[in-house]
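Structure first, commentary second.
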Ligand SMILES: [Zn+2]
Ligand SMILES: [Zn+2]
Ligand SMILES: [Zn+2]
């Protein structure tokens, strides 16, 4: 027996500024190539008819319009940096229509940060309609979501941390500058890896392109998408330089892979 198929949509492949960068007139920011146009980093996973959003990026509304999203069943948060969270208010359009709360999942510290930044959302006094209705869930380890095991992957993100997520043989690993050994073991046997690969030059809080490629090589992943990209990457030009099995993610990109049957965590 095989489980339902697992589909990934890259909602946003860009770094925190998005590309084009405001006020920048470089070749990539001025490029007519659609794959050089990058909204803030986010992804949509679908299995069994459910839509699972990873992060509510600053550009969430535009991403949802572009992909024709009319509901969300759940949100998994990686961390609480602005580019991954600031689209949260637009969830209210969905919860207003359905009348049901959307479950959100994150590590304790991320939930605390979100609840502090957006206290109006979690206030009991504000009228519903002006805020999204969200049901808060703390991620402490693997959990079952709509029949699939979701495995959190603890990551080093500069001086902070974030959570990647693995579902079946797909892992989504942003934002990160290092992967602890205990987390690497959770990434064995992947079919698809989506990984933070900011730019060519070093950065304190993100993998470079070559570091991300090295992670994919060590894990022997057959297909890797590099995401959270800056305007240093010119999609057509730099794609030609990537090794086989590695490509730059782009907004609106989709792929479907068979996912295994759920196991109890
Ligand atoms: Zn980010
Ligand atoms: Zn630029
Ligand atoms: Zn970040």
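Laboratory data are not the source of any read-out in this text; all were calculated from the coordinates shown. All values reported here derive from a predicted model rather than from experimental measurement. Positions of Cβ are generated from backbone atoms using ideal geometry, with glycine treated the same way; all protein chains shown enter the neighbour counts.
Multiply the residue gap between residue 61 and residue 232 by 0.36 nm, knock off their C-alpha separation, and tell me the result in nm, one decimal place.
Taking 0.36 nm per residue and subtracting the Cα distance, the gain is 59.0 nm.
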Calculated log₁₀ intensity ratio I(q)/I(0) where the Debye formula runs over C-alpha points of the range 71-199, q = 0.17 Å⁻¹: -0.93
If you look at just the Cα atoms of the range 106-156, how large are its Rg and its Dmax in Å? 13.7, 38
Report P(r) for the range 178-265: all Cα-Cα distances, bin width 5 Å, range 0 to the bin holding the largest distance, values in whole percent. 3, 13, 24, 23, 18, 11, 5, 2, 1
Point-to-point label distance, residue 130-residue 117, nm (Cα→Cβ direction, 7 Å offset): 2.2
Regarding the range 1-151, what whole-number volume in Å³ per residue does the convex hull of its Cα atoms give? 132
Per-residue Cβ neighbour rank within 10 angstrom, fewest leading, 153, 195: 153, 195
What FRET efficiency would be calculated for the residue pair residue 247, residue 188, taking the C-beta separation as r and a Förster radius of 22 Å, to the nearest 0.05? 0.55
Peptides 96-106, 45-55: what's the order by average Cβ count within 10 Å, highest mean first? 45-55, 96-106
At a Förster radius of 30 Å, what calculated FRET efficiency corresponds to the Cβ-Cβ distance of residue 33 and residue 256, to the nearest 0.05? 0.75
Using just the helices of the chain, give the 222 nm mean residue ellipticity in deg cm²/dmol: DSSP H runs with n ≥ 4 each add -39,500 (n - 2.57), and the total is spread over all residues, rounded to 500. -5000 deg cm²/dmol
Under a point spin-label approximation (7 Å from Cα along Cα-to-Cβ), what is the residue 101-residue 25 distance to one decimal in nm? 5.1
With Rg from the Cα atoms and Rh as the Kirkwood inverse mean 1/r over Cα pairs, the chain has an Rg/Rh of 0.95
